[in-house]
């Protein structure tokens with residue numbers, strides 16, 4: 001699976017936490033979490049796209065995809081969105097999936113969280129994709145609207161992603177704890193983060209963040 005330690009693609013989550021000090025925690029860690037999850041799209045889906053590089057048709061798809069990515073870098077969002085949509089509709093499976101993830105990511109980057117979540121949820125519901133990619137799309141859908149949707153409903157939506165057989169369980173558990181925090185359930189959030197910090201299988205960076213946030217929750221006024 002993907003390396004969860006890759007450098008993040010920045011996508012800020014604004015928030016409306018009830019406590020100013022906890023709001024700073026959400027902004028600080030929410031930014032990293034969203035960026036890390038979005039980059040997993042490239043790391044995970046890109047692998048499948050790379051495997052599709054052999055035929056001329058797939059080579060053309062890779063060229064078109066690279067051109068669309070350049071449009072994003074050039075801040076030509078409208079043209080990039082059109083390009084990704086065309087690749088998603090016409091390219092071989094690997095690049096089509098990657099383009100769909102990028103299209104959703106672009107919508108989120110432009111501030112259209114509702115559209116981003118809808119695009120991710122369509123990916124999550126696509127039975128032709130491997131479970132790992134569908135689960136990733138479901139997690140990203142929750143990230144996209146984490147600052148505005150009902151946090152308890154989102155927790156339910158991603159609950160299965162925190163199970164031991166999920167490829168994204170540590171990120172899902174981290175987001176679940178932050179959603180508890182946003183809902184005002186500080187004790188629940190602190191307990192979830194402490195369990196994550198103590199999990200010997202969790203990546204070191206996630207363990208460190210979980211420990212830090214749990215400690216800060218304990219210091220925040222009730």
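Some observations on this one:
- The label-point distance for residue 159 and residue 63, in a model that sets each label 7 Å from Cα toward Cβ, rounds to 5.0 nm.
- Extension gain, residue 150 to residue 70, is 25.3 nm, computed as 0.36 nm per intervening residue step minus the present C-alpha separation.
- Between residue 114 and residue 82, full extension at 0.36 nm per residue minus the direct alpha carbon distance yields a gain of 9.7 nm.
- Within region 162-202, backbone nitrogen closer than 20 Å to the virtual label 7 Å beyond the Cα of residue 132 toward Cβ: 162-174, 201-202
- A Förster distance of 35 Å, applied to the separation of the beta-carbon atoms of residue 187 and residue 208, puts the FRET efficiency at 0.95.
Since every read-out is calculated from the coordinates, none of them should be taken as a lab result. Keep in mind that what you see is a predicted model, and the values were worked out from it rather than measured. All Cβ positions, even for glycine, are placed from backbone atoms using ideal geometry, and neighbour counts span all protein chains on display.
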